[in-house]
Amino acid sequence: VTEILTVYSLVAFFYFLVLNGLYLFLTALAWRDMGSELRARRYLALDEVFRSPLTPGVSVIVPAFNEQAVIVDSVRSLLALRYPRHEVVVVSDGSTDRTIAVLEEEFDLAPVRVALRNGISTAAVRATYVSRTHPNLLVVDKENGGRSDALNAGVNAARNPYVCVIDADSMLEPDALLKVSKPILDDPQLLAATGGTIRIVNSCRVDYGRVVDVRAPRSRLATIQVLEYLRAFLVARVGWSSLNALGIISGAFGLFHRSLVETAGGYWKDTVGEDFELTIRIHRHLRERGEPYRIGFVSDPVCWTEVPEQFATLSRQRRRWQRGLWEGVRRHRRMIGNPRYGVIGLVAMPYFLIFEFLSPVFALTGLLITVVWWILGGLSTFYFIAFLLVSIGLGLLLTTAALALEEFNYHRYHRRRDVARLLAYAVFENLGYHQLHDVWRAIGYLDIARGKTGWGAQPRRGFGTSTDPLA
Amino acid sequence: MRLLAYVGVVFLAGTLLLIVVLVARRSFLRRQAKVRGELVERLRPVAIAFVDSQEPEPAPELHGRESEVFAELLGRYARSLRGAAWGRIAAYFEATGGVDEQLGRLHSRRAWRRATAAFTLGDMCARRVVPELVAALDDRVRDVRMAAARSLGRLGAVEAIEPLIASTISGGLPRDVGGLALLDLGPPAVPRLVELSSSTEPAIRSGAIELIGLLGEAGNAEPLLDHLRDPAAGVRTASATALGRLGAGEARDALVRALDDRVPDVRAAAARALGQTGGQRAADALLPVARSDVFEPARAAAQALARIDPRRVVEAAFEPDAGPHLREAADLVSL
């Protein structure tokens, strides 16, 4: 038993080193790519894209289920986007609150019998509305069918060749659509989809549907999530994208060819990780056809979103993410390790299975066994301290590197105290939060075993008071 | 064991080092931003007076950071100015050696420097750089080619029409970037585009026809009519779209015939074009398409009909076989 526990402790530690070594590699790639991206901003010519009659239209799809608290601000920010031709398609997925009513009041909606494509089957559409004041606003009211179903209804209703998917509790920065679409416009034959960065809006000052003052969240939990999002978007996505192995375009901000989404069959309804699943399915679809393509990530455009500030809500979200990850990996299991799917099959999919899905097993059992074994005297105190030093040191280094990326390239947090707060939370994150996070994700295994489905309630606080900049 | 501890210490030391660099850089950038902000405030009126005055103003004597900020301001203004102001801006950059500096960077080993130089030269208003920018259209890096194309358009370099078209057609430039540069050059590009519309390559024909639609005038419509019978669907679509943009009334009959094309995209483009050219005969032809064609052509036809004859759309929407597109168009008309 002693030997088994010692070996397992070492295996878990080795797993941890490989995982974090991979993160370090992605961080290095992200630093390299950020430099190129920063220099490329000098000759990006977004103004030219904006005034060009050749720029294709984009339909921004906003699925909404009981979003009365945030939907008006969200739609305002989307209508005010700086893009030459775009429409906003809000899909109310059987909302039981005043989502439709507040939109009617705010945007003077009129019922219009809009013709909808039937390329992807969805739950029945009850009614469609067009705004009298903003003709590029279309609202679809449909029976409840889940987020994927709402997105599919939005794709069916979209009138432009590209669709940009965002969450109702999110706000795009004015130039975000131009920036996220630029790579596709520059190379429409190669780029199949692009995604942008998600940032956390909690405690930021929002006015006229826009973030006007970026602040670190006051909530401790939200502050730690800022660090998580920085690592996920500015490091992991940028790194994976540079390997052409980006496995997920976030459901909160992604741009796709509409016809590609239709051809691939739309969003899969039997999952809570529909964004991950669609991204993998697009990879699979295009690889199986032998078509050259890229799925890219652009770190500069930003979508601001509200994150949970309560443990219970965050726990539900992370358990749901774990389920979504499993559902996507399981559905596309034949891609894992399959050379037919190139780097996505040989690297990204095994990574998702071994280092994303299974990480709570190794992290929790490894830590538990190491601590217990040290208490029982099986491990030397020196080894135990060295173990902690490496674990915490590596975690701190990765988080600080992500924060430095943000500071060097984007500098969104202007107050010194905000940056100091984020740095301080990089320490707290390693001393308790990571472990708690792993526990939530481990509970996700139980949800999977129990066959749990659905999203659960997601309370919204709203972005604050504002008035219409377009009125 | 000891190695493990050392590794842990190295990680912690790396973190501390990053934090120190982060704090130092932050302070440095803050100071830089403050200085730059003050310079912009101070130099903006000088730059405006320089480009805007009726009488030729002498270029201000500036050095170091001041000179950089002034150049940035002039470059930005150059994007929205024409005429005498251009001459003054070009003279300034020639006198200060800015043009030569950027021309030198156009041959840098680093691609981002070449791209930045190609982009910046477009804001310097100096037309003598056109041959160098044309040469940059053959650069091995796409970003450089794109920046050069953008600058050629900005400089109104009509002599670059041929290479721009060649680069766009060969795929050296994205269609949108090459197209936009040609749009900046305007109608002088049309004769060559008309020649290219007879190319043996369908992609060249459709690209050229699309740009004729954007740059040309009603007189350019005639050569496009034949392309409505082109064997390539993409060319027929581009031709219908271009004829609509040109508002070519003489194309109406041919466009009506195109409503029977076997390819839905062509029918949709023809319907949209008929909405732009208008006429009773167009309305008569659009109604059945709006009623019963597949999605895209039917939607395009209903919208086109609403544009030509809104009352007829509203009446048709009450008919039992109206279809969803006529009903939508009618509802939108009623708004």
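No value in this document is a laboratory result; all are computed from the given coordinates. What you see is a predicted model; the values in this text were computed from it and never measured. Note that each Cβ is placed from the backbone with ideal geometry, even for glycine, and that neighbours are counted across all protein chains shown.
To two decimal places, what compactness ratio does segment A:184-328 give when its Cα radius of gyration is scaled by 2.2 N^0.38 Å? It would help to have the intermediate numbers written out before the result.
Numbers: Rg = 16.3 Å, N = 145, 2.2 N^0.38 = 14.6 Å.
Cα-based Rg divided by the globular estimate yields 1.12.
For segment B:97-141, just say rounded, prolate or oblate: build the C-alpha gyration tensor, square-root its eigenvalues into a ≥ b ≥ c, call rounded for a/c under 1.5, and beyond that prolate if a/b exceeds b/c, oblate if not.
Since a/c reaches 1.5 but b/c is at least a/b, the shape of segment B:97-141 is classed as oblate.
In debye, nearest 20: dipole of the protein assembly as shown around its Cα centre with unit charges on the Cβ of K, R (+) and D, E (-)?
Here the size comes out at about 2060 debye.
If one takes the longest principal axis of the Cα atoms in chain A, at what angle in degrees, from 0 to 90 and to the nearest 10, does the Cα axis of helix A:311-331 lie?
Helix A:311-331 sits roughly 90 degrees off the main axis of chain A.
Suppose the chain between B:E319 and B:D138 were pulled fully straight at 0.36 nm per residue; how much longer would it get relative to their current alpha carbon spacing?
So the extension gain works out to 59.3 nm.
Note down the nm distance, to one decimal, between modelled labels 7 Å out along Cα→Cβ at A:D108 and at A:L446.
Distance between the two pseudo-spin positions: 5.4 nm.
Please state the shape class of chain B: rounded when a/c is under 1.5, otherwise prolate if a/b exceeds b/c and oblate if not, all from the C-alpha gyration tensor. Display every interim value, and only then the final one.
Details: a/c = 2.26, a/b = 1.75, b/c = 1.29.
Prolate is the answer for chain B, as a/c is 1.5 or above and a/b outweighs b/c.
What whole number of Å gives the distance from the Cα centroid of segment A:281-305 to the Cα centroid of segment B:281-335?
Using only Cα atoms to place each centre, the spacing works out to 37 Å.
Taking the 0 to 90 degree range and rounding to the nearest ten, how far is the long axis of helix A:434-449 tilted relative to the main principal axis of chain A, both from C-alpha atoms?
70
Please report, largest first and rounded to whole Å, the three semi-axes of the ellipsoid equivalent to segment B:184-243, where each semi-axis is the square root of five times an eigenvalue of the C-alpha gyration tensor.
Taking √(5λ) for each eigenvalue gives 17, 12, 9 Å, largest first.
How many nm separate the modelled label positions at A:E288 and B:S199, each set 7 Å beyond the Cα in the direction of the Cβ?
Output for this residue pair reads 3.5 nm.
Place a point 7 Å from Cα of A:R85 in the direction of its Cβ. Which residues in segment B:294-323 have their backbone N less than 16 Å from it?
B:296-297, B:299-301, B:303-304
What FRET efficiency comes out for A:H414 versus A:R220 if R0 is 22 angstrom and r is the Cβ-Cβ distance? Round to the nearest 0.05.
Working: r = 21 Å, r/R0 = 0.96.
Efficiency, from the Cβ-Cβ distance: 0.55.
By counting other Cβ atoms within 10 Å of each Cβ, how are A:F25, A:F408 ranked from fewest to most?
Fewest-to-most ranking of A:F25, A:F408: A:F25, A:F408.
Consider a paramagnetic label point 7 Å from the Cα of B:V46 along Cα→Cβ; state which residues of segment B:57-78 have an amide N under 13 Å from it.
Residues B:58-74 fall inside that zone.
For Cα pairs less than 8 Å apart in space and 6+ apart in sequence, what is the mean separation divided by the residue count of segment A:8-125, i.e. the relative contact order in percent?
22
I need to check one value: relative contact order of segment B:60-160, counting alpha carbon pairs closer than 8 Å and at least 6 residues apart, in percent.
It rounds to 24 percent for segment B:60-160.
Loop-only trypsin sites (Lys or Arg not before Pro) in segment B:81-136, please: DSSP not H, G, I, E or B, and at most 13 other Cβ atoms within 10 Å.
Here the trypsin sites (Lys or Arg not before Pro) that fit, given the DSSP loop and packing criteria, are B:R82, B:R109, B:R110.
What do you get when you divide the Cα radius of gyration of the protein assembly as shown by 2.2 N^0.38 Å, with N the number of residues? Spell out each step's value before the answer.
On the way: Rg = 29.1 Å, N = 806, 2.2 N^0.38 = 28.0 Å.
Expressed relative to 2.2 N^0.38 Å, the Cα Rg reads 1.04.
Points 7 angstrom from Cα along the Cβ direction at B:R82 and B:V9: gap in nanometres?
7.0
On C-alpha positions alone, give me the angle between the axis of helix A:2-40 and the longest principal axis of chain A, in degrees, nearest 10.
The two axes meet at around 40 degrees.
Taking just the C-alpha trace of segment B:125-196, give me its Rg and Dmax in Å.
According to the Cα coordinates of segment B:125-196, Rg and Dmax are 10.8, 30 Å.
For segment A:111-249, what is the largest minus smallest coordinate of the Cα atoms on each principal axis, given in angstrom and ordered from greatest to least?
45, 38, 28
Could you state the orientation-averaged shadow area of the convex hull built on the Cα atoms of segment A:266-305, in nm² to one decimal?
4.1
Please name which of A:G290, A:L389, A:G432 has its Cα lying farthest along the dipole of the protein assembly as shown towards the positive end, using unit charges on Cβ (Lys, Arg +1; Asp, Glu -1) and the Cα centre as origin.
Projecting each Cα onto the dipole axis, the largest value belongs to A:L389.
Quick check: the distance between the Cα centres of segment A:128-194 and segment A:349-394, to the nearest angstrom?
43
So which lysines can A:K452 reach, going by Cα to Cα under 20 Å and dropping same-chain residues fewer than 8 places off?
A:K269
Setting aside same-chain residues fewer than 8 positions from A:K142, which aspartates and glutamates have a Cα under 12 Å from its Cα?
Once the sequence-local aspartates and glutamates are set aside, what remains near A:K142 is A:D93.
Among rounded, prolate and oblate, which fits segment A:236-393 when a ≥ b ≥ c are the square roots of the eigenvalues of its C-alpha gyration tensor, a/c under 1.5 means rounded, and a/b larger than b/c means prolate?
prolate
Quick one: length gained pulling A:L24 to A:V371 fully straight, 0.36 nm per residue minus the C-alpha distance?
122.3 nm
Determine, at each q value in 0.10 (inverse angstroms), the log₁₀ of I(q)/I(0) that the Debye formula gives when each Cα of chain A is one equal point scatterer.
Ignoring solvent entirely, the Cα scatterers give -0.74.
Starting from 0 in steps of 5 Å, tell me what percent of the Cα-Cα pairs of segment A:101-183 lands in each bin.
Spelled out per bin, shortest first, that is 3, 12, 21, 23, 23, 13, 5, 0.
Mind checking the dipole of chain A: about its Cα centre, +1 per Lys or Arg Cβ, -1 per Asp or Glu Cβ, Debye to the nearest 20?
Magnitude of the dipole: close to 480 debye.
Positive end of the dipole of segment B:228-335, charges at C-beta (+1 Lys, Arg; -1 Asp, Glu), about the Cα centre: which of B:V333, B:T237, B:P297 has its Cα farthest in that direction?
It is B:T237, whose Cα lies furthest towards the positive end.
Hey, if you drop one equal point scatterer on each alpha-carbon of segment A:1-95 and run the Debye formula without solvent, what base-10 log of I(q)/I(0) do you get at q = 0.18, 0.23, 0.24 Å⁻¹?
Debye curve over Cα of segment A:1-95, log10 I(q)/I(0) at q = 0.18, 0.23, 0.24 Å⁻¹: -0.93, -1.07, -1.10.
Let's test the formula: R0 of 51 Å, r as the Cβ-Cβ distance of A:L190 and A:T6. What FRET efficiency results, to the nearest 0.05?
FRET efficiency, A:L190 to A:T6: 0.50.
Relative to the present Cα-Cα distance, how much length would full extension add between A:D47 and A:S259 at 0.36 nm per residue of separation?
The A:D47-A:S259 span can extend by a further 73.6 nm.
What is the set of long-range amide H partners of A:L191 at a cut-off below 5 Å, with H atoms built 1.01 Å from backbone N?
Amide H neighbours of A:L191: A:R294.
Once whole DSSP H runs in chain B are found, which of them have Cα atoms spread over 30 Å or more along the helix axis and a mean Kyte-Doolittle score of at least -0.5? It would help to have the intermediate numbers written out before the result.
Values: long enough: B:2-52 (71 Å, 0.95).
Long hydrophobic helices here: B:2-52.
If eta is 0.890 mPa s and T is 25 °C, what Stokes-Einstein diffusion coefficient results for segment A:358-418, Kirkwood Rh from Cα pairs, in µm²/s?
Details: Rh = 14.1 Å.
For the chosen part, D equals 174 µm²/s.
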